[in-house]
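Structure, as structure tokens:
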Amino acid sequence: MKNYLFTFVLLLVAFSVKSESHRLVSLGSPVTEVILALGASDQLVGIDDSSQVPDELSYLPKVGYYRMVSAEGVLSVQPSLILSTEDAGPPPALKKIQAASIPLLRVTSEKTLSGAIERIQEISKILDREEQAADLIKPLQDRLENPFKVLHPEVKVLFIYARGSGAPMVSGEGTGADEMIRLVGAQNAVIGFKRYRPLTPEALISAAPSIILVTTHGLAAIGGEDGLWALPGMNLTPAGKTRRFVSMDDSTLLGFGPHTATALETLRKKLTL
Amino acid sequence: MTTSAIHKPHIWWILAPLLGITILVGLSSGAYPLPLSRIVSIVLESFSGSDVNPVDYSVLVSIRLPRVLFGALAGGALALGGVCMQTLFRNPLADPGLMGLSSGAALAAATVTLLSSSVPLLSHPLALPLAAFAGGLTITAIVYRISNYGGRLRIDSMLLMGIAMNALCGSLMGLIFLIADDAQLRNITFWSFGSLGRANLASTFFFALAIVLPVGIIWRFREAMNVLLMGEADAATLGVNVESLKRGLIGLSCWMVALVVAQAGLIGFVGLIIPHMARLMFGVSHKHLIPASLLIGAIFLPLVDTLCRTVVIPSELPIGMLTALLGSPFFIFLLVRQKGLI
């Protein structure tokens, strides 16, 4: 019911503001990425801290982290429309923004291929750029319909996620990394738990990954390649013995947006090398 | 216990205008351009019934006004809570966190954040503040119960119980950090930093109602609190009902602080610094200390919040971080001075 209502409101807004130019605030990097890919960056007047934009847009004010925006900060850039992912917040701030009669539309934040497609469709409808959207959606749809062939079961990929100096985490089921590993036809080395868990030496050894997957930021956070192989227990895993790892840009790997089809091809190539 | 007579009458004369200025500064600064002149015209326009720009209006009325008002009330309540605790423990370094209030509230809030995805009832907007309020008071009540020796409240035992409870809550928090997912972790962290941004006019009004009576009762305790500073035995000989005074101070201050925590999260160090500033400026007698702490707290918190809202425009800093940033050096200074090094 909620979804129908949402679609209805979405259509209503999309219809009423058709082919109008907005003053957009984008909350959440998946949304910003789609806006940029649709060529609507000239309508942006503000982004959140997690959004990544090319250098020529670096003048855009950042209104805080998308889960913790300040109502006044968002309103201060005088937006006519706010686009956000479902998990933007906090709710009191969003309520206050809506109280100022600025429309705020939320799109799905699902980290899957179909989630990416849905996001592009929703945003393109709102911005009246469905033609451009079709080009973005096609490769994603193709990939969804023609999945990669399943790789040899010995290809077990472990995604290690590190940020700052905290303990590195590994990704279980239902995470973006797990979805990417599955989509390229490989197997996640850790199964049996959901979300992220801290990495322990014994768990690492029993997962026995043959390839380690990291993001570029994550790799830097654990001290580069040397730091990765020095993780306790790593030298007892097949990956540690053969020193096989794949590193990809954070937003490319986990963004689930227009670039995901290319990202999947890159990842698949890197895994099968 | 020397209070210089020249200071006494000046409390309201000095602090009330400062409070007024703070409120005006708070109302007129922020990311959104809304100078004092525009505020005046918004007020005039809305009274004369003409159309006000809806964004201007809601920035003023639903964003800044509750923040500034709630900040002033909460600052006063936290400072007065600090006064009660410092008098009760007869220690200038005491604050309600000592009795496990903050850690109990934080633990309850974290639990609600963790469970809200699986228990629909807990995702109600009132669930978190209610849980934090109840959690803070529950831990304090446990500390209180265990330190109650047949009707006599032992302050030393309360201190130790408070430490044990803080450690217990801390370890349970660690457990929650371990199971929580990324989003929940961030929400818990942000909550514990504190923010006045969640206040709205209704909650501010409710808060004001809920603290009027406690403030009044504490004001009536002022003479007894002065006597209590000389020690429990002396106070009893002088005719003060020490046990009921102690119970009253604990109950009332925890009630007020728990209400602040429920609405704004953890805002540390206000309860510690402000009573000291008040003592330095207006002396140790509670007759002056109580109004001075209330007023200085009411000035300090909205002022810090205004800083939070303006230093990283259009984003903002969590207020608990800034009060701790300003408070910690002051705390260290107090400790060092108490050792007689300065």
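Counting only Cα, what are the radius of gyration and maximum Cα-Cα distance Dmax of segment B:175-262, in Å?
When restricted to Cα atoms, segment B:175-262 yields Rg and Dmax of 19.1, 58 Å.
Can you give me the Kirkwood hydrodynamic radius for segment B:178-222, using every pair of distinct Cα atoms, in Å to one decimal?
About 13.5 Å for segment B:178-222.
Debye calculation, C-alpha points only, no solvent: report log10 I(q)/I(0) for segment B:201-342 at q = 0.12, 0.13, 0.14 Å⁻¹, in the same order as the q values.
Results for segment B:201-342 at q = 0.12, 0.13, 0.14 Å⁻¹ read -0.61, -0.71, -0.81.
So, by mean Cβ neighbours within 10 angstrom, what's the order for B:61-71, B:235-245 with the highest one leading?
Per-residue mean Cβ counts within 10 Å order the peptides as B:61-71, B:235-245.
What shape does segment A:78-144 have by the C-alpha gyration tensor, where a ≥ b ≥ c are the square roots of the eigenvalues, rounded means a/c under 1.5, and otherwise prolate means a/b greater than b/c and oblate the rest?
Oblate shape, in that a/c is at least 1.5 and b/c is the bigger or equal ratio.
Roughly how large, in nm² to one decimal, is the mean projection of the convex hull of the alpha-carbon atoms in chain B?
That works out to 20.0 nm².
Going by average Cβ neighbours within 10 Å, how do the peptides A:264-272, B:42-50 rank, with the highest at the top?
Top of the packing list down: A:264-272, B:42-50.
Beta carbons within 10 angstrom, averaged per residue: use that to sort the peptides B:192-199, A:106-113, highest first.
B:192-199, A:106-113
More than 14 Å apart: what percent of Cα pairs in segment B:70-111 qualify?
Tail of the P(r) past 14 Å holds 56 percent of the pairs.
Would you kindly derive the ³J(HN,Hα) couplings of segment A:119-126 from the backbone phi angles with the Karplus curve 6.51 cos²θ - 1.76 cosθ + 1.60 (θ = phi - 60°), listing them in order in whole Hz, with x for Gly and Pro?
Values, residue by residue: 4, 5, 4, 4, 5, 5, 5, 4 Hz.
For a test of the definition: using alpha carbon positions, the gyration tensor, and the 1.5 limit on a/c, classify segment B:93-196 as rounded, prolate or oblate. Spell out each step's value before the answer.
Numbers: a/c = 2.36, a/b = 2.06, b/c = 1.15.
Prolate is the answer for segment B:93-196, as a/c is 1.5 or above and a/b outweighs b/c.
Just how many % of Cα pairs in the protein assembly as shown lie over 49 Å apart, if you round to the nearest whole percent? All intermediate terms of the calculation are to be shown ahead of the outcome.
Details: 43248 of 188805 pairs.
Looking at the protein assembly as shown, the distances longer than 49 Å represent 23 percent of pairs.
Name the most mobile residue of B:Ala74, B:Ala208, B:Ala132, meaning the one with the largest mean-square fluctuation, in a Gaussian network model of chain B with Cα contacts below 10 Å.
Looking only at B:Ala74, B:Ala208, B:Ala132, the biggest GNM fluctuation is shown by B:Ala208.
Straight distance only, please: which lysines reach the Cα of A:Lys269 with their own Cα at less than 25 Å, same-chain residues fewer than 8 apart left out?
Within the straight-line cut-off, A:Lys269 pairs with A:Lys111, A:Lys138, A:Lys149, A:Lys156, A:Lys241.
After finding the eigenvalues of the alpha carbon gyration tensor for segment A:14-153, what semi-axes result from the square roots of 5 times each, listed largest first in whole Å?
Working: eigenvalues 152, 57, 40 Å².
The equivalent ellipsoid of segment A:14-153 has semi-axes of 28, 17, 14 Å.
Using Cα positions and a limit of under 20 Å, work out the aspartates and glutamates in reach of A:Lys125, with same-chain residues fewer than 8 apart set aside.
Answer for A:Lys125, where 20 Å is the Cα cut-off: A:Glu20, A:Glu33, A:Asp42, A:Glu86, A:Glu110, A:Asp135, listed by chain and number.
How big is the charge dipole of the protein assembly as shown about its Cα centre, in debye rounded to the nearest 20, if each Lys and Arg gets +1 on its Cβ and each Asp and Glu gets -1 on its Cβ?
The calculated dipole for the protein assembly as shown is roughly 1700 debye.
In peptide A:96-107, how many Cβ atoms from other protein chains are near each Cβ within 10 Å, on average?
Mean partner-chain Cβ count within 10 Å for A:96-107: 3.
With a 1.4 Å probe and every protein chain left in place, work out the accessible area per residue of the protein assembly as shown in Å², rounded to a whole number.
I get 45 Å² per residue for this part.
Would you please classify the overall shape of segment A:81-220 from the alpha carbon gyration tensor, given that a ≥ b ≥ c denote the square roots of the eigenvalues, rounded means a/c under 1.5, and beyond that prolate means a/b larger than b/c while oblate covers the rest?
Working: a/c = 3.14, a/b = 1.51, b/c = 2.09.
Taking the square roots of the gyration eigenvalues as a ≥ b ≥ c, segment A:81-220 is oblate.
Cut-off 10 angstrom, C-alpha nodes, Gaussian network model of chain A. Which of A:Gly176, A:Gly233, A:Gly257 fluctuates the most?
Among A:Gly176, A:Gly233, A:Gly257, the largest GNM mean-square fluctuation belongs to A:Gly233.
Normalised by the number of residues in chain B, what is the relative contact order in percent for Cα pairs under 8 Å and 6+ residues apart?
So the answer I get is 31 percent.
For segment B:16-152, with equal point scatterers placed on the C-alpha atoms only and solvent neglected, what are the log10 I(q)/I(0) values from the Debye formula at q = 0.12, 0.13 1/Å, to two decimals?
-0.76, -0.83
Normalised by the number of residues in segment A:88-247, what is the relative contact order in percent for Cα pairs under 8 Å and 6+ residues apart?
19
Counting pairs of alpha carbon atoms under 8 Å apart in space and at least six apart in sequence, what relative contact order in percent does segment B:1-125 give? Walk me through the numbers on the way to the answer.
Values: 44 pairs, mean separation 15.7, N = 125.
That works out to 13 percent.
Taking the Cα centre of chain A as origin, work out the dipole magnitude from +1 charges on Lys and Arg Cβ and -1 charges on Asp and Glu Cβ, in debye rounded to 20.
Values: 27 positive and 29 negative charges, 140 e Å.
Dipole of chain A, to the nearest 20 debye: 680 debye.
If every alpha-carbon in segment A:27-98 counts as one equal scatterer, what log10 I(q)/I(0) does Debye give at q = 0.26 1/Å?
Once normalised to I(0) and log-transformed, intensities are -1.30.
Taking H placed 1.01 Å from N in the peptide plane, check which residues at least 5 places from A:Leu44 or on another chain put their amide H under 5 Å from its amide H.
Those qualifying (amide H under 5 Å, at least 5 residues apart or on another chain) are A:Leu24.
On each of the three principal axes of the Cα atoms of chain A, give max minus min coordinate, whole Å, ordered largest first.
Taking the Cα atoms of chain A, the three principal extents are 60, 39, 39 Å.
For segment B:110-257, build the convex hull from the C-alpha positions and give me its volume per residue in Å³.
With only Cα atoms used, segment B:110-257 gives 136 Å³ per residue.
Over segment B:25-104, consider all pairs of different Cα atoms and compute the Kirkwood hydrodynamic radius from their mean reciprocal separation; express it in Å, one decimal.
It works out to 15.3 Å.
Quick one: which residues, 5 or more positions from A:Leu81 or on another chain, have an amide H under 5 Å from its amide H? H modelled 1.01 Å from N in the peptide plane, none for Pro or chain starts.
A:Arg23, A:Val25
The values are calculated or read from the model by the stated rules, or taken from the named source; none is laboratory data. In this text the structure is predicted, and so the values were computed from the model without any measurement. Quick reminder, even Gly has a Cβ in these numbers, built from the backbone with ideal geometry, and neighbours come from all protein chains shown. When the accessible area is computed, the model is the full protein with side chains, heavy atoms only, and any ligands, DNA or RNA have been set aside. Shrake-Rupley method; radii C 1.70, N 1.55, O 1.52, S 1.80 Å.
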